Amino acid sequence: MKFLPPNIIIRFFTNFFATVAILLTAVFLYRLTMASSNGYDIFDLFGGKKFVATAPLLGQISASRVTVDPNDLKVLTVVNRALADLTESVVPSVVSIDTKKTVNVPTRIADPYGFGSYLGYKQTERPAGLGSGAIVSEEGHIITNHHVIAAADEILVRTHGGGQFEAELIGSDPIADIAVLKIKQPEDADPIKFPALPFGDSDKVRVGEMALAIGNPFGLSETVTRGIISAKQRQLNDSANEYFQVDAVINPGNSGGPLVNIRGELIGVNVAIFTGQENVKVWQGIGLSIPSNEAREIYEAIAHNQPLERGIIGVELDTVPIEAVRAYRLSNRGVLIRNVATKSPAESAGLKRGDIVLGFDGKNINSPQDFIIRSRKKKPGDTVDLKVIRQGQEITLQAKFASKSASSTFTIKKISGEKITESIGIQVQDLSEQQRDALGIPLDLPAIMISHVQPGSQAETRFRAGDLIHIVNRDHITSVDIFYKVLENLPEERSIMILSRNGERFAAVLNF
């Protein structure tokens, strides 16, 4: 038998024991490190130790250590109860909105006074529209989308618990798609205090935060869906407005409903669903919501008559031609200055027609919409650093935003038709079938009657009780309600009212 040399045997055992010593040291250090961090390692797994994880509980700022045991549902129960409590607290502030529109259908009507025939109208009612809204004041102010109530003749809101109220339009901003309604309080009862949602700060919203969308999709009131903020600063193709993108389910009828955070604060007004297919109008995983700070500004301006001012610098914008992008080797697309207003902040800053703006306060600009969105956030007196390319040379300019009231972008409800009628000095009434028969007035002839003329008013010299009102401008007056609505929407220039007295027609000019 042949034996290995002693020096080889000694070297083998030396290396073996050294390797074992290194492994034992490594295991000791590893266990020491895991013990100091209270971690969970493979030895715990083999030993049957329960998994310990760090998980922030809903509503807590600092993380708490909890044991997750498949047989212990305490943690899930806490989260589940918190979500249910949150939903229960915000649903009473959400309303369903039903709208109706009466339209005039043209028809040819014979003139009983011998002037041939004229183009008249039949009244038909358009099917009701559906939408949602959020109560934001105890007095009953509601925020919703402008497109939900646009051109509506009648607005009804249904509250949590089944209450139904009429609501009036206080004002709206069609560009931002925000409208403010107010619930009409019952006249024969004490004023109701409505549960109001508080506003959250949408500037502090982070991508990934959880949110609830509540609304009236397809007429299914108080529908609640949950998701996260998927992205910020999203835009529709045909709009310069900025939106939150959410993956909570939003369908037709959700428009105008609130998007709320885990604190029960309104952080957005749900406005639309995004669809890549023209014939598909249901949720595809992408919903859009107007940030609450934008909605709050408009609400306070309309409901509380507070000034809404946004800064302007006075430029007309256009898309940068792709040829210019290539010629100047631009790092981003930028925006082309098409024109600079005279005596504007842009002119004072040195901006010129033909300049290409690449940066706005250090952020890239790639379209006119980018520039508009960032400008809308500026207040009068704010300054902005603009990175500009002029004839291939890069320069930096500083512009100071001027004050321009944004009130022209939204409309405030005008004086009611009743008030205008009172200011003229008349009272009017609808004609019953018996009155029409007694006076020989055809049922299809548009007419209401002046029932009283106020002594000493401007109407006293022109009108008499019993005069019939047929037309105001081109609108045929078929009822007192129509008369009031026409008066509410008269143009600023003078208007003509067509009346008749004892079968003789005459005209009156309205100036007020």
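Conditions tested, residue by residue: (1) open to solvent by 10 Å² or more (accessible area, probe 1.4 Å); (2) over 21 Å from Ala150 (Cα atoms); (3) modelled with pLDDT of 80 or more.
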site: Gly256; (1), (2), (3): no, no, yes
site: Gly287; (1), (2), (3): no, yes, yes
site: Ala295; (1), (2), (3): no, no, yes
site: Ile312; (1), (2), (3): yes, yes, yes
site: Glu316; (1), (2), (3): yes, yes, yes
Just to be sure before I move on: is Leu351 part of a strand (DSSP E or B) and either touching a Ser or Thr at 6+ places or on another chain (Cβ under 7 Å) or surrounded by 14 or more Cβ atoms within 10 Å (Cβ to Cβ) (or both) in the structure I sent?
no
Given the conditions (1) β-branched (Val, Ile, Thr); (2) assigned to a loop (DSSP other than H, G, I, E, B); (3) open to solvent by less than 30 Å² (accessible area, probe 1.4 Å), every one holds for Val157 apart from (2)
Can you list residue pairs whose Cβ atoms sit under 8 Å apart, with the first residue in segment 320-340 being on the phi > 0 side of the Ramachandran plot and the second being part of a loop (DSSP other than H, G, I, E, B)? Count only pairs 6 or more apart in sequence or on different chains.
Gly334/Val320; Gly334/Ile365; Gly334/Asn366
Within segment 467-481, residues open to solvent by 40 Å² or more (accessible area, probe 1.4 Å) and not in a strand (DSSP E or B) come out as Asn473, Arg474, Thr478, Asp481
Restricting the search to segment 339-368, which residues are among the polar types (S, T, N, Q) and touching a strand residue (DSSP E or B) at 6+ places or on another chain (Cβ under 9 Å)?
Asn339, Ser344, Ser348, Asn364, Asn366, Ser367
Output the residues belonging to segment 482-506 that are modelled with pLDDT of 85 or more, part of a strand (DSSP E or B) and over 14 Å from Ile420 (Cβ atoms).
Ile498, Leu499, Ser500, Arg501, Glu504, Arg505, Phe506
Would you tally the residues in segment 189-204 being under 11 Å from Leu266 (Cβ atoms) and in a loop (DSSP other than H, G, I, E, B)?
5
Taking only pairs six or more apart or across chains, which ones have beta-carbon atoms under 9 Å, a first residue in segment 251-263 that is under 29 Å from Val79 (Cβ atoms) and assigned to a loop (DSSP other than H, G, I, E, B), and a second residue that is modelled with pLDDT under 85 and basic (Lys, Arg)?
Asn251/Lys281
Answer yes or no: is there a residue in segment 444-463 that is closer than 17 Å to Lys419 by Cα, open to solvent by 70 Å² or more (accessible area, probe 1.4 Å), touching a Lys or Arg at 6+ places or on another chain (Cβ under 6 Å) and not basic (Lys, Arg).
no
Only one of (1) at pLDDT below 90; (2) open to solvent by less than 10 Å² (accessible area, probe 1.4 Å); (3) touching an Asp or Glu at 6+ places or on another chain (Cβ under 7 Å) fails for His147. Which number is that?
(2)
Somewhere in segment 449-471, is a residue β-branched (Val, Ile, Thr), within 19 Å of Arg505 (Cα to Cα) and free of Cβ contacts under 8 Å to residues at least 12 places away in the same chain?
yes
Collect the residues in segment 431-443 that are charged (D, E, K, R) and surrounded by 14 or more Cβ atoms within 10 Å (Cβ to Cβ), keeping them in residue-number order.
Arg436
Take the residues in segment 341-365 that are β-branched (Val, Ile, Thr) and modelled with pLDDT of 90 or more; name whichever of them is nearest to Lys377 (Cα to Cα).
Ile365
Subset of segment 288-310 (residues that are under 17 Å from Ala134 (Cα atoms) and among the acidic types (Asp, Glu)):
Glu294, Glu297, Glu300
Odd one out for Thr421 among (1) assigned to a loop (DSSP other than H, G, I, E, B); (2) touching a residue at least 40 places away in the same chain (Cβ under 8 Å); (3) of a type in the set (Val, Ile, Thr)
(1)
Evaluation of Pro380 against (1) surrounded by fewer than 17 Cβ atoms within 10 Å (Cβ to Cβ); (2) farther than 30 Å from Ile142 by Cβ (one fails), failing number:
(2)
Counting only residues in segment 226-244 that are at pLDDT 65 or above and buried (at least 17 other Cβ atoms within 10 Å of the Cβ), the one farthest from Leu288 (Cα to Cα) is identified as Gly227
Scan segment 160-185 residue by residue and report those that are in contact (Cβ under 8 Å) with a residue 12 or more places away in the chain, out of contact with any Pro (no Cβ under 9 Å at 6 or more places or on another chain) and not in a strand (DSSP E or B).
Pro174, Ile175, Ala176, Asp177, Lys184
Quickly run through segment 405-448 and pick out the residues that are within 16 Å of Lys485 (Cα to Cα), modelled with pLDDT under 85 and of a type in the set (A, V, I, L, M, F, W, C).
Ile412, Ile415, Ile420, Ile424
Exactly one condition in (1) in contact with a Ser or Thr (Cβ under 9 Å, 6 or more places away or on another chain); (2) without any contact (Cβ under 8 Å) to a residue 40 or more places away in the chain; (3) small (Gly, Ala, Ser) is false for Ala438; which is it?
(1)
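The values are calculated or read from the model by the stated rules, or taken from the named source; none is laboratory data. Note that this is a predicted model, so its numbers are computed, not measured. Because the Cβ atoms are built from the backbone with ideal geometry, glycine has one as well, and the counts that use them run over all protein chains shown. The accessibility values were calculated without ligands, DNA or RNA, using every heavy atom of the protein model including side chains. Shrake-Rupley method; radii C 1.70, N 1.55, O 1.52, S 1.80 Å.
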